[in-house]
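First comes the structure, then the notes that go with it.
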Amino acid sequence: MAHGLGPARHRTRGKGRVNTFPVLHLDEPGASLHKCGRRLVVRKGGRALAQARAKDIERVAIIGNAALTSGTLGLLLRRGIDTVAERE
């Protein structure tokens with residue numbers, strides 16, 4: 001998967017309902033994660049590849065040669081979104 005959203009974990013809430021908290025995987029070489037209002041946008045070469053509402057994301061996983069902007073970092077910190085970076 002080049003980039004995208006996947007389930008991070010499941011938690012049961014009352015009467016057997018399950019909530020899924022997505023993780024945004026950023027592993028496309030040369031891609032970067034940007035803040036656009038309340039949305040997170042994955043861009044590469046000026047083109048938007050994927051986007052999601054920040055409130056729907058619990059974790060961002062940056063893998064390999066990908067980056068995020070300082071504005072995005074501020075948003076992640078303010079919202080308490082876990083961010084993990086790993087080199088390939």
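The values are calculated or read from the model by the stated rules, or taken from the named source; none is laboratory data. Predicted, not measured: the structure shown is a model, and the values here were computed from it. Every residue, glycine as well, gets a Cβ built from its backbone with ideal geometry; the counts of neighbours run over all protein chains shown.
Restricting attention to segment 75-84, which residues are without any contact (Cβ under 8 Å) to a residue 24 or more places away in the chain and either in contact with a strand residue (DSSP E or B) (Cβ under 6 Å, 6 or more places away or on another chain) or not in a loop (DSSP other than H, G, I, E, B) (or both)?
LEU76, LEU77, ARG78, listed by residue number.
Among the residues of segment 29-44, write down those that are assigned to a loop (DSSP other than H, G, I, E, B) and of a type in the set (D, E, K, R).
Within segment 29-44, ARG38 is the sole residue that qualifies.
Just need a number here: residues in segment 58-74 that are closer than 18 Å to GLY30 by Cβ and part of a strand (DSSP E or B).
Of the residues in that region, 6 qualify.
Name every residue in segment 44-88 that is hydroxyl-bearing (Ser, Thr, Tyr) and closer than 19 Å to PRO22 by Cβ, in order of residue number.
Answer for segment 44-88, where residues must be hydroxyl-bearing (Ser, Thr, Tyr) and closer than 19 Å to PRO22 by Cβ: THR72, THR83.
Yes or no, residue by residue, for (1) under 14 Å from LEU24 (Cα atoms); (2) loosely packed, with under 12 Cβ neighbours inside 10 Å; (3) modelled with pLDDT under 95; (4) in contact with a Pro (Cβ under 8 Å, 6 or more places away or on another chain):
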residue: GLY37; (1), (2), (3), (4): no, yes, yes, no
residue: GLY46; (1), (2), (3), (4): no, yes, yes, no
residue: ALA50; (1), (2), (3), (4): yes, no, yes, no
residue: LYS55; (1), (2), (3), (4): yes, yes, yes, no
residue: LEU76; (1), (2), (3), (4): yes, no, no, no
residue: VAL84; (1), (2), (3), (4): yes, yes, yes, no
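Search segment 22-40 for residues that are touching a residue at least 40 places away in the same chain (Cβ under 8 Å) and pair each with any residue that is of a type in the set (A, V, I, L, M, F, W, C) and part of a loop (DSSP other than H, G, I, E, B) when their beta-carbon atoms are under 6 Å apart and the residues are at least 6 apart or on different chains.
LEU26/ALA66
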